[in-house]
1. For segment 159-178, how many residues meet the condition of being surrounded by 14 or more Cβ atoms within 10 Å (Cβ to Cβ), part of a helix (DSSP H, G or I) and of a type outside the set (D, E, K, R)?
2. Among the candidates Leu183, Leu179, Leu139, single out the residue that is touching a residue at least 12 places away in the same chain (Cβ under 8 Å) and in contact with a strand residue (DSSP E or B) (Cβ under 9 Å, 6 or more places away or on another chain).
3. Would you be able to say whether some residue in segment 36-50 is hydroxyl-bearing (Ser, Thr, Tyr) and under 26 Å from Ala178 (Cβ atoms)?
4. Only helices (runs of 4 or more DSSP H) wholly contained in segment 15-110 count here; list those with 2 or more residues that are touching a residue at least 40 places away in the same chain (Cβ under 8 Å) and out of contact with any helix residue (DSSP H, G or I) (no Cβ under 9 Å at 6 or more places or on another chain).
5. Need the failing condition index for Asp93 against (1) within 30 Å of Gln57 (Cα to Cα); (2) surrounded by 12 or more Cβ atoms within 10 Å (Cβ to Cβ), just the number.
6. Restricting the search to segment 11-39, which residues are within 15 Å of Ile78 (Cα to Cα), surrounded by 18 or more Cβ atoms within 10 Å (Cβ to Cβ) and of a type outside the set (Gly, Ala, Ser)?
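Values in this text are rule-based calculations from the coordinates and carry no lab data. Here the structure is a predicted model, which is why all the values come from computation and not from measurement. Quick reminder, even Gly has a Cβ in these numbers, built from the backbone with ideal geometry, and neighbours come from all protein chains shown.
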Amino acid sequence: MSAPAPHPVEVAVRGWLETIVIGLNLCPFAGHPFRNGRIRIVVSEAATDIDLLTELQLELTRLNETPARDLETTLIAIPKMLADFADYNDFLDQVDALLDQYEWTGEFQVASFHPDYQFDGTLPTDAENFTNRSPVPLLHILREDSVEAAIDAHPDPDGIPAENIRKMKAMTLAERRALFAFLKPG
């Protein structure tokens, strides 16, 4: 009996990880756990904030109970809600509150990715925004210990954001459109 086909959203997120995050080396720490099968991708069925917070709490619990050698990190893909970046950004306050409530602040952090990601003080079309653009809204749960160890082992962790922006700015508009074809035109 063969395994069921992966969810199309999981396929899109996995492709984004391979092609953009790892392929462009936007996150120099992602390749090793990805190749070793220690990145979990969960496609959320949540349609309300409380449902999504419940899923987040369950995934945080799973990570808390699973050694990093078996499961390093989790990406929660959110195809059914938070399509508006402002709503997504506001939801991140609830994510922080959940981390505080369960006393996971300092143990886990949640990184944010969104199809319309926009850094404060930038225009929607500015190249640097593409460093955090993804096929669907994502909550990326990271272990603080793993982040610290990766940063300590990297020769220039402070230079990563600037290098990523340089990579995005070096691409032509056509190259960015081809690479980020999953984004709506604009």
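1. Residues flagged as surrounded by 14 or more Cβ atoms within 10 Å (Cβ to Cβ), part of a helix (DSSP H, G or I) and of a type outside the set (D, E, K, R) within segment 159-178 amount to 4.
2. Leu139
3. No, segment 36-50 contains no residue that is hydroxyl-bearing (Ser, Thr, Tyr) and under 26 Å from Ala178 (Cβ atoms).
4. Per the criteria, 49-65.
5. Unmet condition: (2).
6. Those that are within 15 Å of Ile78 (Cα to Cα), surrounded by 18 or more Cβ atoms within 10 Å (Cβ to Cβ) and of a type outside the set (Gly, Ala, Ser): Val13, Trp16.
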